Amino acid sequence: MLEDRFAQHDKEVVDKFIDPAASVQMSTRDYVVRPSAATAPMVIVLPPVAEAKGRFYSIVVRDADVVNTITITDMDDSECWADIVLNGKCDRLLMYSDGLHWHPLAAITTQYPSGYDYP
């Protein structure tokens, strides 16, 4: 089953960009995600891990803070998954699916020291 899905990669439109203003369920074609209007906490749900096999997804936060966070989650279909919370401008992730597990290959997040006056 997974092998059949992998064979379809060259038949889909690539580099689809989304800029969600609220919580969103990503499709397998949403390769570039740039949430820019975090006026409330937001959830971004990754596409089904099996359907995304062999693909990379880039997520870069344009606007978020400690109150208006952006949580990256799966569809409860990835092995050993833990939600990832982004809470700063330019926090970013590069996610990869092997068909069974979402791998955060790179995660750069804002870590404010205690006592810091948040922007």
Item to complete: Determine the dipole magnitude for the range 2-108: charges of +1 sit on the beta-carbon of Lys and Arg, -1 on that of Asp and Glu, nothing else is charged, the reference point is the Cα centre, and the result goes in debye to the nearest 20.
Response: 380
Worksheet, complete the sentence: Placing each pseudo-label 7 Å from Cα in the direction of the beta carbon, Asp77 and Thr39 end up separated by a distance in nanometres of 3.2
Practice prompt. Name the long-range amide H neighbours of Arg55: under 5 Å, sequence gap of 5 or more, or other chain; modelled H, no Pro or chain starts.
Written response: Ser97
Worksheet item: Over all directions, what mean area does the Cα convex hull of the range 2-108 project, stated in square nanometres?
Response: 6.0
Discussion item. Once you place label points 7 Å from the Cα toward the Cβ at Val32 and Leu100, how far apart are they in nm?
Written reply: 3.3
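Each value in this text was obtained by applying a stated rule to the coordinates, not by laboratory testing. No experiment lies behind these values; they were computed from the predicted model shown. When we count neighbours, we look across all protein chains shown, and the Cβ atoms used for this are built from the backbone with ideal geometry, even at glycine.
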